[in-house]
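The block underneath contains the structure these notes are about, expressed in structure tokens.
The values are calculated or read from the model by the stated rules, or taken from the named source; none is laboratory data. Just so it is clear, the structure is predicted and the values come from calculations on it, not from any experiment. So basically every Cβ, Gly included, is an ideal-geometry build from the backbone, and we count neighbours across all protein chains shown.
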Amino acid sequence: MRGWALAQPHPNWENTPPSPPSCLSPPGVSPPHTSTPSSYTASPQPHRPGTASQSRSQNKVCPPSVPPPSSLLILPGYLVTAPDLLGHGTANRSSDYSLSALADALRPLFASARFDLVIGHSLGGLVALALIPLLPPTHPIPCILVDPPLEQSDRTLDKNVPKYVDEVTNVRSVQRYQADNPRWSREDAVWKVLSAHLCDADTITGVFAQNRPWSFTHLLGQVPPHVKTTILAADPALHPAFKVETAAPYPHINTIVVPGTTHSIQRDFPNVVVDVALAEAAKLGAKL
């Protein structure tokens, strides 16, 4: 399961517009392929993106309780809001885990703040897509979607349910996560373990059962003109959730394939997520 984040300027932090990165590829990896077509939304109060629909999965992009400049990966000069999705982390549990219910639970956020950037990972990316039409057209807003699972067959869903249920009922150790994911830091593994403990099997089975058919590509056609969307896709050889050809009919959506990354791009190469977000914000003249 996955998560997302919103960003807005913090009045007490220095805020210098960054220059676009010269290369968005991870260290030691060839530059990513960028297609013409393109999607994270930002605001005066950014939020962390999160896997497993939990904010904790984005700790390296926007670490919790660590004010800048303690980490070079924190969005400079911005306050980040990273809500847990319904049924994840410390969010309420529910009997309804449809995408519309997940989005409705976060609607109040959009009534009280002006966001300048939005980032959503996996399921959080789908929730972001459902909510960005609520962003006021007062200024252009970049939105970064990290490997969103827009289309999944019933066969794939049936195959994944036991895997994800096992992930939260038989939680692996920090050491095991690090061994299986050599690019992750110990902090990544610790947050992943905590996220697993804060989720449950009912949430997972509910999400997979109540969102069939799992087909959300049509949401790309509902992205408003002022929300400039970029999709970061995992390496095609490493079982990505998003397939680049899915976005081909939507020329307003930009897609970037990040070589060498798994579905957890924000853990494998968090700098790529931040670099892309800041580069897109700089293009739009956003205050990031």
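Being in a loop (DSSP other than H, G, I, E, B) and not polar (S, T, N, Q) is the filter here; which residues of segment 260-288 pass it?
Matches in segment 260-288: Gly260, His263, Phe269, Gly285, Ala286, Lys287, Leu288.
How many residues does segment 150-168 hold that are in contact with a strand residue (DSSP E or B) (Cβ under 7 Å, 6 or more places away or on another chain) and crowded, with 17+ Cβ neighbours inside 10 Å?
If we filter segment 150-168 for residues that are in contact with a strand residue (DSSP E or B) (Cβ under 7 Å, 6 or more places away or on another chain), which is where we start, we get 151-152, 157.
From what is left, the residues that are crowded, with 17+ Cβ neighbours inside 10 Å are 152, 157.
Number of matching residues: 2.
Can you tell me which residue in segment 106-155 is modelled with the highest pLDDT, limited to those that are small (Gly, Ala, Ser) and more than 17 Å from the chain's Cα centre (by Cα)? Quick ask: steps written out before the conclusion?
Here is the first cut: in segment 106-155, the ones small (Gly, Ala, Ser) are 111-113, 120, 122, 124-125, 128, 130, 153.
From what is left, the residues that are more than 17 Å from the chain's Cα centre (by Cα) are 111-113, 153.
Details: Ala111: 82, Ser112: 74, Ala113: 75, Ser153: 98.
Within segment 106-155, the match that is modelled with the highest pLDDT is Ser153.
Pick from segment 75-121 the residues that are among the aromatic types (Phe, Trp, Tyr) and in a strand (DSSP E or B): which of them is nearest to Asp275 (Cα to Cα)?
Tyr78
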